[in-house]
Every structure is written in C-alpha cells, then in structure tokens.
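Reading through the structure tokens given below for one structure.
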Amino acid sequence: MANLFRTFLPLLFSTALALALAFMAPDWIQPTGYNSNAAPWEAFFSTFGLLYAIIAGFLLVTVLGRHGDLSDACESELNAVEDIRDFLVYLDGDQEIAKANVKKKLYEYVRSVSEKEWPAMVKKNWMNSDTSEELYNVMRAVDKIIVTNESDRVSLHSVMQKISDLTSLRTKRISLSNQKLPSRLRWLIGLMSLLLVIAIILVGGTNPFLHIGMVVSISVSVHLLYLIITDLDKPFTGVWNIDKRSLEEVKKAFEDEQRRTKD
C-alpha cells in the first residue's frame, strides 16, 4: 500500500498541474488555437509522437523482459537447490553423514542468498558474479560422496550437473540485477513526456471540455508509462517487485530439516 501511495501521489500532482496549465493556456496563446494553423502541429505530433512511441516502447520492452528474466532466474536457482537436495535420496550405502553435510552446505548457501545477496540487490549495490564461498562449500561437500554402485554414480552425476546449473543461474541472477537503464534514457523519456503534455496544452481547441479531456488523458498516460518503466527498472523495490517468499520458504524448509537432524 505504501508503494502504491508513493507511486500514484506524483501522478495526481502532475495531472492537477497539467489541468491548471490547461485552464491558464488561453491567456497565453491566441484564442483561435489549433484550427488557425493546423499544419505545423500535425507535423509536430506525427514526427514527435512516432519518435516518442518508438523510444517508450523500446524501453518498456527492455525493462519488462529483464524483469521477467530475473524472476525466472531466481525461481530456477531455487529449483536447482531443491533438485540437489532431492537427488541425494538416490545415494545408497552408509553415506548419511556425507548427505547431511551437503544439505547443511546447501542451507548455508540459501541463507547467504537471503541474508547477504538479496539485500545487496535491493540496494542496487554492484555484486561480483564470481562463485561464492558458500557455493564452493557445496561443491566440496559433494566431492566427499563415495560412489559404491551404479546408482550412486548416476545420482552423483545428476547432482554435479545441477550444481553446474546453479552456478550459471546465480551468475545470471547477479548479472541481471546489476543492470539498469542508463540515466540519460530515463531523462530523455521524461523530457519527451513533458514536451508532449505541454504541446497538447498549447494546442487549444474549439471545445474546452474536449481539450481538458485530452490534457488529462495524455498526462495520465505518459506519467503512468514513465512510472511503469522506472518501476520495472527496480525489480526488488518497486510495486511490481520480485517476491522473496519462495526463497524464504526454501530457507525455512532447510532450517526445519536441520532442526530435526539435531533432535
């Protein structure tokens, strides 16, 4: 609710400001308005509007695609962790200590993602995508598993493959979280939105109610578009943020298992 309030309060302010300027516009321009010289305005809206649509569409597709890829990477990383834990079931023989050690290191890895890496991504701090010490500890724990039969060999191969996937997914997650729109592009779309609204205000028209409706609709639309682009560019803090619930559930599952093991 707080995020929605912070998002839509500027929208209400900008719309009210555009309305105020629209009511004041007849005092600044000739009352004949748009109809007196339509050709220059038509050329402006055709060229500027097309350019605005291309740039805004490109930015929206970029941030939306990155947001979706980052969300998928987070979920796939958790699935890889769960697969490594589940594949340990196929290991035969007296290897309970080795399996318990792998699960412990997986828990430490999940906890490091939750308590260290996730806050860094929320704060937009740049992160090194090199393999973390917690992930190396998982590899070392798996390396201590002894193969006694064919089932162990197949299971160990599957676990090692999932660790390879986990390493790649972690790198992808960190790489995507480090990316953001260049500030110049955000300033450009903001400036173009402002110019478009000002142009609509100055155009005027024969029907004041129609003119006011156009001003309101354009102001709300371009401001919402700008808010959506900037919000999707902050995937961990915006209104459409990537939920941490799945990570916390996996972490809690490991904590419960570790607690049962100690008991």
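The values are calculated or read from the model by the stated rules, or taken from the named source; none is laboratory data. Just so we're clear, the structure is a prediction, and the values are computed from it rather than from any experiment. Every residue, glycine as well, gets a Cβ built from its backbone with ideal geometry; the counts of neighbours run over all protein chains shown. The accessibility values were calculated without ligands, DNA or RNA, using every heavy atom of the protein model including side chains. Shrake-Rupley method; radii C 1.70, N 1.55, O 1.52, S 1.80 Å.
Miscellaneous remarks
- Trp240 accessible area, assembled protein chains, probe 1.4 Å, Å²: 130 Å²
- Here the Karplus relation 6.51 cos²θ - 1.76 cosθ + 1.60, evaluated at θ = phi - 60°, turns the backbone of the range 107-120 into coupling constants of 4, 5, 5, 4, 5, 5, 5, 6, 9, 10, 6, 5, x, 5 Hz, with x for every Gly and Pro.
- Cross-link partners of Lys123 among lysines (Cα-Cα below 27 Å; sequence separation of 8 or more within a chain): Lys105, Lys172, Lys180, Lys234, Lys244, Lys251, Lys252
- Largest-first ordering by accessible area, 1.4 Å probe, given options Val142, Val216: Val216, Val142
- Coupling constants for the range 143-152 follow from the phi torsions by the Karplus curve (6.51 cos²θ - 1.76 cosθ + 1.60, θ = phi - 60°), and in residue order they are 5, 7, 6, 9, 7, 10, 7, 5, 4, 5 Hz; glycine and proline get x.
- Among Ile146, Ile84, the order of accessible area from largest down is Ile146, Ile84, computed with a 1.4 Å probe on protein heavy atoms.
- Given their separation in residues at 0.36 nm each and the Cα-Cα distance between them, Gln161 and Lys116 gain 13.7 nm when the chain is fully extended.
- For Arg85, solvent-accessible area (1.4 Å; no DNA, RNA or ligand), Å²: 50 Å²
- Mean projection area, nm², convex hull over Cα of the range 39-124: 8.0 nm²
- Separation in nanometres of the label points that stand 7 Å from Cα toward Cβ, at Lys144 and Glu82: 2.7 nm
- Stokes-Einstein translational diffusion, the range 59-189 - Kirkwood Rh over all Cα pairs, 0.692 mPa s, 37 °C, in µm²/s: 202 µm²/s
- Accessible area ranking (1.4 Å probe, heavy atoms, ligands and nucleic acids excluded), largest first, for Tyr226, Tyr90, Tyr52: Tyr90, Tyr226, Tyr52.
- Measuring nothing but how far apart in sequence close Cα pairs (under 8 Å, 6+ apart) lie, relative to its length, the range 125-237 scores a relative contact order of 27 percent.
- The overall shape of the range 147-263, judged from the alpha-carbon gyration tensor, is prolate: a/c is not under 1.5, and a/b is greater than b/c.
- Cα extents for the range 185-226 along the principal axes, largest to smallest and rounded to whole angstrom: 36, 17, 5.
- Residue-span extension gain [Arg245 to Asn128] - 0.36 nm each, minus C-alpha spacing: 39.7 nm
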